[in-house]
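One structure is given below, represented as structure tokens, and several questions about it will come after.
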Amino acid sequence: MCDATITVEGRDFLAHKVVLVGGSEFFYGAFTSGLAESDSAHVRLPDIKAASFEAVLALLYTGTCSVTEGELCPLLQALMYLQCTSLATTVATKLQQRLAPHNCLEVWALADSHSLESLANAAKETALREFEAVAGEVGSS
């Protein structure tokens, strides 16, 4: 009964257009704009990790997903790419709650690149407040 195929890192994910379109401006545009994807119902996503897309699907279908702390940044990146605004806001909040010296620079760069001002400011504050620990993390990389 699935009417769309999304290919990510060589894996095909079957989904319902109505679910994808309902939660993603990207898919709304892809399936309603008259582009090739509208007719074929097949979309390739070269800039997203398969594990992140699997989590996106779980969020779109159930409102929940299970990811490790290390998968939150790629998940947020995928949600921003797919223009899933409300879900991205939720994940950004989770990231903000987990800011630490080991992840604040990555989160800051990601938030900055997607104009997530509140998250970027929180990551910057963490980096400044925990400067010595952050410097130690950078030095050990």
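The values are calculated or read from the model by the stated rules, or taken from the named source; none is laboratory data. The structure presented is a predicted model; accordingly, all values stated were derived computationally and were not measured. All Cβ positions, glycine included, derive from the backbone under ideal geometry; neighbour counts span all protein chains shown. These accessible areas exclude ligands, DNA and RNA; they are computed on the full protein's heavy atoms, side chains included. Shrake-Rupley method; radii C 1.70, N 1.55, O 1.52, S 1.80 Å.
Between a residue in the range 16-29 that is small (Gly, Ala, Ser) and any residue that is open to solvent by 30 Å² or more (accessible area, probe 1.4 Å), which pairs come within a Cβ distance under 7 Å, given they are 6 or more apart or on different chains?
Short answer, once both residue conditions are applied: GLY23/LEU60; GLY23/LEU87; SER24/GLN83.
Then there is this: Residue under question is SER118, and the condition is that it be out of contact with any Cys (no Cβ under 7 Å at 6 or more places or on another chain), surrounded by fewer than 18 Cβ atoms within 10 Å (Cβ to Cβ) and at pLDDT below 95; does it hold?
For SER118, the condition - out of contact with any Cys (no Cβ under 7 Å at 6 or more places or on another chain), surrounded by fewer than 18 Cβ atoms within 10 Å (Cβ to Cβ) and at pLDDT below 95 - is not met.
So, one more: Which ranges mark the helices (runs of 4 or more DSSP H) fully within the range 58-119 that have 2 or more residues being in contact with a helix residue (DSSP H, G or I) (Cβ under 9 Å, 6 or more places away or on another chain) and either acidic (Asp, Glu) or at positive phi (or both)?
So the answer is 104-113.
May I pose another question? List every residue pair whose Cβ atoms lie under 8 Å apart, where the two residues are 6 or more positions apart in sequence or sit on different chains, the first residue falls within the range 1-13 and is under 16 Å from ALA50 (Cβ atoms), and the second residue, located anywhere, is open to solvent by 20 Å² or more (accessible area, probe 1.4 Å) and of a type in the set (Asp, Glu).
The qualifying pairs are THR5/ASP12; ILE6/ASP12; PHE13/GLU54.
Okay, next question. So which of LEU60, LEU95 is within 13 Å of the chain's Cα centre (by Cα), under 24 Å from LEU14 (Cβ atoms) and buried (at least 17 other Cβ atoms within 10 Å of the Cβ)? Spell out the reasoning first.
Details: LEU95 fails: under 24 Å from LEU14 (Cβ atoms).
After applying the criteria, what remains is LEU60.
Right, here's the next one. Can you tell me which residue among ALA120, ALA100, ALA109 is out of contact with any Lys or Arg (no Cβ under 8 Å at 6 or more places or on another chain) and within 23 Å of GLU25 (Cβ to Cβ)?
From the options ALA120, ALA100, ALA109, the qualifying one is ALA120.
Okay, moving on. Residue by residue through the range 125-134, note down the ones that are buried (at least 17 other Cβ atoms within 10 Å of the Cβ) and in a helix (DSSP H, G or I).
Initial filter on the range 125-134 (buried (at least 17 other Cβ atoms within 10 Å of the Cβ)): 126-127, 130, 134.
Residues satisfying the conditions are THR126, ALA127, VAL134.
Additional query: Quick one: which of VAL43, VAL67, VAL18 is among the hydrophobic types (A, V, I, L, M, F, W, C), open to solvent by 20 Å² or more (accessible area, probe 1.4 Å) and more than 23 Å from ALA92 (Cα to Cα)?
VAL18
Here is a further query. What number of residues within the range 30-57 are free of Cβ contacts under 8 Å to residues at least 24 places away in the same chain and in a helix (DSSP H, G or I)?
9
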